[in-house]
């Protein structure tokens, strides 16, 4: 199966408020895809549709070749899902949790679970109730990885993790995917750390897909330029030629899918002065903010 996730023109509304506007993207086997966007962009709604917890108002969504709102038990057993509120049994120890979950998954790999636990230098006799929030989250991630899923969906894996635990998880996940070829779709509020692991990205902005491409291609075609501050209005065009604009005390900075020649022609056409037009280098996090806007 080449495409493990296929979303075609998804619309969804809560009452009269439409939160998804024709969302379309695919996740190919073997890829690590970041589903990105600011709070309220529609990420969690998409995840809930993927897992069949919601049915889209319009459009189609297939996961592992099946309609997401009617996933069979066999298909669900091949998906490792992390969402806030994952069921945990506080009275169980590290060892007891592994013994409890193992019988439910035919492909269970206890070595993967204990490998991740060992990296935390934590005794396997410790109960969940006596762990820090970061330790608890790592145990849950270990339980998901031990399932040996074909597809992992990690909704805000970084929630509750400090920088050390986040780095541990990213390194472990990268090793895991390299070894097992697992396909991963993940979301996170800590965008800069995804630069180290994702190869594809789907960015949502107000319920619309504003970028769907490899991370490498995005960093090559998305650019930023600054010039002497202008009081002229730079309108966002229908095709998002200019994605966002920032005005500082002395400069104006624009972000978008253009090169220097195209931007200069655009500014001249709209009679906007652009003295000292200069390219601005960006990190992945900076480019993401430029695409989606600071506010």
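The values are calculated or read from the model by the stated rules, or taken from the named source; none is laboratory data. Every value quoted in this text rests on a predicted model; they were computed, and no experiment measured them. Here the Cβ is made from the backbone with ideal geometry for all residues, glycine too, and neighbour counts use every protein chain on show.
Hey, does region 139-147 have a residue that's within 25 Å of residue 37 (Cβ to Cβ), surrounded by fewer than 18 Cβ atoms within 10 Å (Cβ to Cβ) and in contact (Cβ under 8 Å) with a residue 60 or more places away in the chain? No, because not a single residue in region 139-147 is within 25 Å of residue 37 (Cβ to Cβ), surrounded by fewer than 18 Cβ atoms within 10 Å (Cβ to Cβ) and in contact (Cβ under 8 Å) with a residue 60 or more places away in the chain.
For region 84-115, give me each residue that is part of a loop (DSSP other than H, G, I, E, B) and either surrounded by 15 or more Cβ atoms within 10 Å (Cβ to Cβ) or touching a residue at least 12 places away in the same chain (Cβ under 8 Å) (or both). Explain how you work it out, then say what you get.
Pass one, region 84-115, residues part of a loop (DSSP other than H, G, I, E, B): 84-92, 105-109.
Correct list: 84, 86, 88, 89, 90, 91, 92, 105, 106, 107, 108, 109.
Kindly indicate whether residue 287 is modelled with pLDDT of 90 or more, assigned to a helix (DSSP H, G or I), touching a helix residue (DSSP H, G or I) at 6+ places or on another chain (Cβ under 9 Å) and surrounded by 15 or more Cβ atoms within 10 Å (Cβ to Cβ). Considered against the rule, which asks whether it is modelled with pLDDT of 90 or more, assigned to a helix (DSSP H, G or I), touching a helix residue (DSSP H, G or I) at 6+ places or on another chain (Cβ under 9 Å) and surrounded by 15 or more Cβ atoms within 10 Å (Cβ to Cβ), residue 287 comes out as yes.
Quick check: anything in region 262-272 touching a helix residue (DSSP H, G or I) at 6+ places or on another chain (Cβ under 9 Å), in contact (Cβ under 8 Å) with a residue 12 or more places away in the chain and either in the same structural domain as residue 39 (by TED's automatic domain parsing) or surrounded by fewer than 19 Cβ atoms within 10 Å (Cβ to Cβ) (or both)?
Looking through region 262-272, at least one residue is touching a helix residue (DSSP H, G or I) at 6+ places or on another chain (Cβ under 9 Å), in contact (Cβ under 8 Å) with a residue 12 or more places away in the chain and either in the same structural domain as residue 39 (by TED's automatic domain parsing) or surrounded by fewer than 19 Cβ atoms within 10 Å (Cβ to Cβ) (or both).
Checking the condition within 15 Å of the chain's Cα centre (by Cα), more than 24 Å from residue 285 (Cα to Cα), assigned by TED's automatic domain parsing to the domain that holds residue 151 and touching a residue at least 12 places away in the same chain (Cβ under 8 Å), which residue from 81, 35 passes? Lay out the reasoning, then the answer.
Values: 35 fails: more than 24 Å from residue 285 (Cα to Cα).
Within the list 81, 35, the selection yields 81.
Is one or more of the residues making up region 86-103 within 19 Å of the chain's Cα centre (by Cα) and closer than 24 Å to residue 122 by Cβ?
Residues of region 86-103 that are within 19 Å of the chain's Cα centre (by Cα), as a first pass: 86.
Filter once more, keeping what is closer than 24 Å to residue 122 by Cβ: 86.
There is at least one residue in region 86-103 that is within 19 Å of the chain's Cα centre (by Cα) and closer than 24 Å to residue 122 by Cβ.
When region 48-66 is examined, which residues are found to be part of a strand (DSSP E or B) and at positive phi? Give the derivation first.
Restricting attention to region 48-66, the residues satisfying the condition of being part of a strand (DSSP E or B) are 58-63, 66.
Once the filter is applied, which keeps residues that are part of a strand (DSSP E or B) and at positive phi, region 48-66 yields only 59.
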